[in-house]
Amino acid sequence: MKIIEGGLSAPEVAALLQQHLEEMALSSPPDSIHALDLDALRSSEVSFFSMWQEDQLMGCGAIKEIDSSNAEIKSMRTTQQFLQQGVASRLLTHLIDCAIERGYRHLWLETGSADAFQPARVLYENFGFTHCDPFASYTFDPYSVFMTKQLTP
């Protein structure tokens with residue numbers, strides 16, 4: 001198992017991210033979907049990571065810088081064949097460690113409020129994220145749950 005920075009050019013990553021967007025559309029109206037597409041993930045303020053077992057994509061996640069002290073978790077997703085195998089926990093640990101190394105003081109995230117997002121909310125709570133008000137450019141949305149975690153270097 002390895003986590004690499006990048007991987008956006010891999011067709012498996014593009015397919016997983018497309019699946020991610022499509023599944024968001026099943027639980028949220030278009031104006032409430034905050035997932036990033038491939039072009040947005042290539043932005044200079046985003047660091048994208050993919051996790052692989054040899055040549056099989058296991059999952060992905062990203063950190064988007066809000067400012068020098070704050071970053072947001074984006075695009076957390078595990079492939080179907082690796083669900084329930086600790087992939088999301090390993091990726092989230094990597095993202096948190098990366099954020100600490102970069103000197104961020106807080107991590108933020110937005111996830112869905114629908115039942116389909118319950119496993120994600122439990123994962124984040126287990127990692128010490130707490131519910132909060134909307135942050136950055138987000139506004140209140142009944143389809144969104146906002147969470148934050150204070151980081152200790």
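The values are calculated or read from the model by the stated rules, or taken from the named source; none is laboratory data. Please read these numbers as outputs of a predicted model, since none were measured by experiment. Positions of Cβ are backbone-derived with ideal geometry, glycine not excepted, and every protein chain shown enters the neighbour counts.
With respect to the conditions (1) farther than 16 Å from Gln19 by Cβ; (2) more than 15 Å from the chain's Cα centre (by Cα); (3) at pLDDT 95 or above, Val46 falls short on a single one, namely (2).
Considering the range 49-64 alone, what residues qualify as being within 15 Å of the chain's Cα centre (by Cα) and either among the aliphatic types (A, V, I, L, M) or within 24 Å of Arg105 (Cα to Cα) (or both)? Give the steps one after another, and end with the answer.
Step one: list which residues in the range 49-64 are within 15 Å of the chain's Cα centre (by Cα), which gives 49-51, 58-64.
Phe49, Ser50, Met51, Met58, Cys60, Gly61, Ala62, Ile63, Lys64, listed by residue number.
Once the range 20-43 is narrowed to residues that are buried (at least 18 other Cβ atoms within 10 Å of the Cβ) and more than 21 Å from Glu5 (Cβ to Cβ), the residue that is modelled with the highest pLDDT is His34.
The strands (runs of 3 or more DSSP E) falling completely within the range 88-153 that include 2 or more residues that are under 13 Å from the mean Cα position of the chain (by Cα) and within 16 Å of Ser75 (Cβ to Cβ) map to 106-112.
Go through the range 48-79 and report how many residues are in contact with a Leu (Cβ under 9 Å, 6 or more places away or on another chain) and either free of Cβ contacts under 8 Å to residues at least 12 places away in the same chain or assigned to a strand (DSSP E or B) (or both). Adding up the residues that qualify gives 21. Within the range 67-87, if we keep just the residues that are closer than 23 Å to Ala15 by Cα and hydroxyl-bearing (Ser, Thr, Tyr), the residue that is nearest to the chain's Cα centre (by Cα) turns out to be Ser75.
Looking at Leu38, is it within 12 Å of Ser75 (Cα to Cα) and out of contact with any Cys (no Cβ under 9 Å at 6 or more places or on another chain)?
Yes, satisfied.
Has the range 21-33 got any residue that is in contact with a Leu (Cβ under 9 Å, 6 or more places away or on another chain) and not in a helix (DSSP H, G or I)? Within the range 21-33 (the criterion being in contact with a Leu (Cβ under 9 Å, 6 or more places away or on another chain) and not in a helix (DSSP H, G or I)), the answer is yes, since at least one residue qualifies.
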